[in-house]
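Asks: Input: one structure, supplied below.
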Amino acid sequence: MDDRTRCDWGNSAPEYVAYHDEEWGTPLHGDDALFERLSLEAFQSGLSWITILRKRPAFRAAFAGFSIDAVAAFGPDDEARLLADAGIVRNRAKIAATVSNARAAQRVPEGLSALLWSFAPTVPRPRPATLADVPATSPESTAMARELKRRGFVFVGPTTAYALMQATGMVDDHVATCFRAAAP
């Protein structure tokens, strides 16, 4: 670790330092890339993000690099394989949701990336001073979750949608003192 000032959580583990400094809050585009993040945020539900971050290489291997088309083609044998894979979170409902969401993503005519980014706030909001000032949801994440559910996605509530928005740079919740905070 170095002496740069980070969001408090960004110093709590070596994996978090790299994730905070290089990924979290950085704009991410691309259907498969955003499908991966959406899937991992759903797997994180009820767990610590560090658990998912440490298992991310195994998730990528198990889910064919989160290729939407590849995951959408998964069948019962693939789901059984995933349930037996100790390298990932073996939750039947979350595995089934990931496969179902890949199929739903295939049906998004404008592409998953365009759909998700359409919910990014257009008006800047005040930078959070502390982590206590960071919301768990927003009107935009609530609208995103509602639209995703309408289109057949599952495991995508407003909190999961907001975490996705933070992770992929749709919102910038680096606290004011963080070196990653964008200029006001």
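The values are calculated or read from the model by the stated rules, or taken from the named source; none is laboratory data. Bear in mind the structure is a predicted one, so any value in this text is a computation, not a measurement. We place every Cβ from the backbone using ideal geometry, glycine too, and count neighbours over all the protein chains shown. Accessible surface areas use protein heavy atoms only, side chains included; no ligands, DNA or RNA. Shrake-Rupley method; radii C 1.70, N 1.55, O 1.52, S 1.80 Å.
Residue by residue, here is whether (1) open to solvent by 20 Å² or more (accessible area, probe 1.4 Å); (2) at pLDDT 95 or above; (3) part of a helix (DSSP H, G or I); (4) in contact with a strand residue (DSSP E or B) (Cβ under 8 Å, 6 or more places away or on another chain) holds:
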residue	(1), (2), (3), (4)
His20	no, yes, yes, no
Leu34	no, yes, yes, no
Leu47	yes, no, no, no
Thr51	yes, yes, yes, no
Val71	no, yes, yes, no
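Asks: Additional query: Can you name the residue in the stretch 128-152 that is under 14 Å from the mean Cα position of the chain (by Cα) and part of a loop (DSSP other than H, G, I, E, B) and, of all such residues, is surrounded by the most Cβ atoms within 10 Å (Cβ to Cβ)?
Replies: Thr137
Asks: I'd like to know if the stretch 74-94 contains one or more residues that are farther than 21 Å from Gly46 by Cα, touching a residue at least 24 places away in the same chain (Cβ under 8 Å) and out of contact with any Pro (no Cβ under 6 Å at 6 or more places or on another chain).
Replies: yes
Asks: Right, something else. List the pairs whose first member sits in the stretch 1-28 and is on the phi < 0 side of the Ramachandran plot, whose second member is of a type in the set (Ser, Thr, Tyr), and whose Cβ atoms are under 6 Å apart, counting only residues at least 6 apart or on separate chains?
Replies: Hits for this filter: Thr5/Thr177; Gly10/Tyr16; Leu28/Thr168.
For every residue, the table says whether it meets (1) of a type in the set (A, V, I, L, M); (2) open to solvent by 10 Å² or more (accessible area, probe 1.4 Å).
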| residue | (1), (2) |
| --- | --- |
| Val99 | yes, no |
| Glu110 | no, yes |
| Leu116 | yes, no |
| Ala120 | yes, yes |
| Val123 | yes, yes |
| Pro126 | no, yes |
